[in-house]
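To start, the structure itself, in structure tokens.
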Amino acid sequence: MSQVSTEFSFENLVESYNQLLTNIQLFLQKNQKNLQVSSTKLGTYKKKLENILELDNEEIANLIGIVNKYLQLNFFLQDDTPNLKFNKEDFIKAIKGQSVLQDTDETYNNFFFELSLGSRFIKKYKTSIEINLDSICDIIIDNKIAIECKYIHSEKKISDNISYAIDQINKRIESNLAEFGFIAIDLSHIIDKNKIRRFAKGIFNDFLSNYETLEEKSCFSYDIKENGIENSLLKDKNFIQIIQSYINHELEKVFYSSLENKILSKINNNQSIKAVIFQINESFCFENNSQLFPIPMRAMNYYINQSQSEEEYKLTQQYLHTLAVGI
């Protein structure tokens, strides 16, 4: 039988999830909703976390990804985010419904994608801006920036969704809701997760073999001896960077291979569209010596409007880079 690593990050994930359930229950009571969070799919996921050894590695990876996604809700339940507006009914819908471990095609991902982008902007600007997720536009920031979020369910629809988002942003600007805009798309459902996971597993095994060789030669620091090979490997910046780079490579391949030339022209011919942001959420479950090591990851990239001046281009690039770092 396998064991789940007792590494702090997994324990912290479980602790944070339990706190999330408590926070959501308080939110439901505050908004006079006669609903017990334990009876929702979130309660089911809690039970699966408690009995995680009954799942196979792919199911564990999917579960960790789902739990990590729901933990974003904790951020929006804090009392120190007064400049945030969101639709409470959409929030409640996100916790209802059937519990599934293959959830990338579920409709509530649209709402979570908006939350994810909103949280990045809040973390970037703290309380100095107002973010509105409860408007006809997906995200409005300080009545200045409009962000249209599209969770992509089909690779064939990428260009159509971007084209529609451009038209939506133009309308927001004409209505004086914003001055310029970004388009954000999530490709988590259409990315080849199996391909990425196979690559990550191979890299994990290669690094593990090298670490074991170093251990035989006693070429280890105190930290590695204290925490073990696997936990130290998973914190290795070289290991993480290789996987992150490959995820970004696959992300770019899907985005650019699906983007029609006429849509690129539509972006570049519109000064109001600063850039298109594209991202995925992924998770892994590595195994060694009957121990399991579940790890969630995210990747984000962007295409910047090529018609901007050199100065505007650099400002947009710098602006987007600060959002991408640390996600």
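Just so it is clear, none of the values below were taken in a lab; they were calculated from the coordinates. Here the structure is a predicted model, which means the values were calculated and not measured. FYI the Cβ positions are ideal-geometry reconstructions off the backbone, even for glycines, and counts take in every protein chain you see.
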Response to the item:
Expressed in angstrom and rounded, the centroid-to-centroid distance over alpha carbons for the range 21-66 and the range 240-268 is 33
Response to the item:
HN-Hα couplings for the range 260-272 via Karplus (6.51, -1.76, 1.60; θ = phi - 60°), in whole Hz with x for Gly/Pro, come out as 6, 4, 5, 6, 4, 5, 5, 5, 5, 8, 10, 5, 7
Worksheet item: So what is the calculated 222 nm ellipticity per residue for the chain, using -39500 (n - 2.57) for each DSSP H run with n of 4 or more, over all residues, to the nearest 500 deg cm²/dmol?
Response: -17000 deg cm²/dmol
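Compute the projected area of the convex hull of the Cα atoms of the chain, averaged over all viewing directions, and report it in nm² to one decimal place. Show your work: numbers first, answer last.
Numbers: hull surface 73.5 nm².
It is 18.4 nm².
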Discussion item. Cross-link candidates for Lys262: which aspartates and glutamates have Cα within less than 19 Å, leaving aside residues fewer than 8 places away along the same chain?
Written reply: Glu155, Asp160, Asp167, Glu252
Worksheet item: How large is log10 I(q)/I(0) at q = 0.13, 0.17, 0.31 Å⁻¹ when the Debye formula is applied to the Cα atoms of the range 227-282, each weighted equally and without solvent?
Response: -0.53, -0.70, -1.17
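Cα-Cα pairs above 20 Å in the range 210-327: how many percent? Numbers along the way, then the final one.
Numbers: 4071 of 6903 pairs.
Of all Cα-Cα pairs in the range 210-327, 59 percent lie more than 20 Å apart.
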Practice prompt. Report ³J(HN,Hα) in whole Hz for each residue of the range 185-190, in order, from the Karplus equation J = 6.51 cos²θ - 1.76 cosθ + 1.60 where θ = phi - 60°; Gly and Pro get x.
Written response: 10, 10, 10, 4, 6, 9
Practice prompt. Using only the Cα atoms, work out Rg/Rh for the range 18-79, with Rh taken as the Kirkwood radius, to two decimals.
Written response: 1.02
Worksheet item: So what's the projected area for the range 44-104, the Cα convex hull averaged over all directions, in nm²?
Response: 5.0
Worksheet entry | Computed over the range 180-253, Cα set: Rg, Dmax in Å | 16.5, 58
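What trypsin sites (Lys or Arg not before Pro) in the range 195-293 are in a loop by DSSP, with at most 11 other Cβ atoms within 10 Å of the Cβ? Walk me through the intermediate numbers first.
Numbers: sites: Lys195, Arg197, Arg198, Lys201, Lys217, Lys225, Lys235, Lys237, Lys253, Lys262, Lys266, Lys274; in loops: Lys217, Lys235.
Qualifying residues, ordered by number: Lys217.
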Worksheet, complete the sentence: From the cross-link list Lys69/Lys123; Lys123/Lys201; Lys193/Lys253; Lys41/Lys88; Lys253/Lys314, the entries with a Cα-Cα span beyond 22 Å are Lys123/Lys201; Lys253/Lys314
Practice prompt. For Lys150, enumerate residues with amide H under 5 Å from its amide H, sequence gap 5+ or separate chain, H modeled in the peptide plane.
Written response: Ala184, Ile185, Asp186
